[in-house]
Amino acid sequence: MENIHYQYWFMKNEDITYGKKPKLIEYFYDSYNLYNASKVELMTTKLLDEKTIDKFLEGRKKFDLEKEYYEFYNSPFSFITVENDKYPEKLRNIYDYPYGLFYIGELPDFNRAVSIVGARRCSAYGKKMALELGEKLGLNGFTVISGMARGIDAYSHRGCLDSGGNTVAVLGSGCDVIYPSDNRKIYEEIVASKGAVISEYQMGASPLALNFPRRNRIVSALSDIVIVVEARDKSGSLITADFALEHGKDIYVTPGRVGDSLSTGTNKLISQGAGIIYNIDAFVNELLNYYGQPKSELNRKKESLNLTAEQKKVLCMFDEYPKSLATALEESNMDYLKLLSTVLSLERLGALSEVFKNNYVKMI
């Protein structure tokens, strides 16, 4: 029997908690020795109580090593454990590293990795920042890591995918469980583009609320830098930031307006010393300098828009915060129908986006 069979057995085991698995491997050196350990040897570790050990031994007897591994081997999924040389070194360096990861797609080397996290119910400004950060980091060879949640996570993946970059989603469910389901297209595109969807949780595991804070330590650990785009005062994104501090990672935020609930968490991080992204191009070029890469002209995937003078005038009236047509009408002194026609033409070009009825934000 090959060692990989024993690793898969221990990956599949649900009698031992996720936190205890690495400790048992440290004690027994590998899954083969653990598989062959006696009750007395397991008791000696003082990591498990007798009831857990008895359950563990009973389950071990029933597990068909060869059959179970063969069934998994013929699925599109893979796994990697601390017993494998290709296990991400960055994960080995944290205190509570996972024993292993299930994944689909191709694991990158995580040498140039940036995490982007933020609010699920983000603003139009947050959406724009996440899309642009994902795009420009992807264009410049950085792996973008996030959690595939709604909002900032999804937009950062989307920006990276649209640039042809590499992105990794770390799930709080099994990596075969697409959550939320409306991110199925992102999931499929990540896999198709040779990115990866990963999870320490069992195949088929439901997206339980308690899984997500634990998932966030992996998002932090695999990255060099953690970016928080928008976060409320008690946001899961701040848990990722806490892990980043614990892991010695640099934290950057996109600043927001004072008094805006979506900026409370990010502005608090600024007060605690987090870096500020005041210009995305400048930020990316700083990273390129740090990584020994020459400054490069950022190539937009979208072609430059050839706007008329009137379109340029109207576009300049909008920014990342929603503005109503009524306000724009007052500022422009234009005929209402002419203004509306110009705004709709800019929306068709992707330069403006209607975030709620008759309220628009600038998208380029």
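The values are calculated or read from the model by the stated rules, or taken from the named source; none is laboratory data. Predicted model, so just to flag it, every value in this text is computed and none were measured. Positions of Cβ are backbone-derived with ideal geometry, glycine not excepted, and every protein chain shown enters the neighbour counts. Ligands, DNA and RNA are excluded from the accessible area calculation, which covers all protein heavy atoms including side chains. Shrake-Rupley method; radii C 1.70, N 1.55, O 1.52, S 1.80 Å.
Data table
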| read-out | value |
| --- | --- |
| From 199, 181, residue being open to solvent by less than 10 Å² (accessible area, probe 1.4 Å) and either out of contact with any His (no Cβ under 7 Å at 6 or more places or on another chain) or free of Cβ contacts under 8 Å to residues at least 12 places away in the same chain (or both) | 199 |
| Residue check, residue 47 modelled with pLDDT of 95 or more, in contact with a helix residue (DSSP H, G or I) (Cβ under 9 Å, 6 or more places away or on another chain), over 13 Å from residue 3 (Cα atoms) and assigned to a loop (DSSP other than H, G, I, E, B) | yes |
| Hits in the stretch 329-357 - residues which are surrounded by 14 or more Cβ atoms within 10 Å (Cβ to Cβ) and in contact (Cβ under 8 Å) with a residue 24 or more places away in the chain | 339, 342, 343, 345, 346, 349, 351, 352, 353, 355 |
| Selected residue [touching a Leu at 6+ places or on another chain (Cβ under 8 Å), of a type in the set (A, V, I, L, M) and touching a residue at least 12 places away in the same chain (Cβ under 8 Å)] from 238, 262 | 238 |
| Whichever residue in the stretch 33-71 is hydroxyl-bearing (Ser, Thr, Tyr) and under 33 Å from the mean Cα position of the chain (by Cα) and, among such residues, is least open to solvent (accessible area, probe 1.4 Å) | 69 |
| Number of positions in the stretch 231-254 that are part of a loop (DSSP other than H, G, I, E, B) and at pLDDT below 90 | 5 |
| Selection count, the stretch 180-206, where residues are within 23 Å of residue 239 (Cβ to Cβ), assigned to a loop (DSSP other than H, G, I, E, B) and at pLDDT 95 or above | 5 |
| Hits in the stretch 76-87 - residues which are free of Cβ contacts under 8 Å to residues at least 60 places away in the same chain, part of a loop (DSSP other than H, G, I, E, B) and surrounded by 11 or more Cβ atoms within 10 Å (Cβ to Cβ) | 87 |
| Residue that is least open to solvent (accessible area, probe 1.4 Å), among those in the stretch 117-152 that are part of a loop (DSSP other than H, G, I, E, B), out of contact with any Lys or Arg (no Cβ under 7 Å at 6 or more places or on another chain) and among the small types (Gly, Ala, Ser) | 118 |
| Residue that is open to solvent by less than 10 Å² (accessible area, probe 1.4 Å), in a loop (DSSP other than H, G, I, E, B) and in contact with a Gly (Cβ under 6 Å, 6 or more places away or on another chain), where the choices are 159, 174 | 174 |
| Options 239, 276, 227: the member that is open to solvent by less than 40 Å² (accessible area, probe 1.4 Å) and β-branched (Val, Ile, Thr) | 227 |
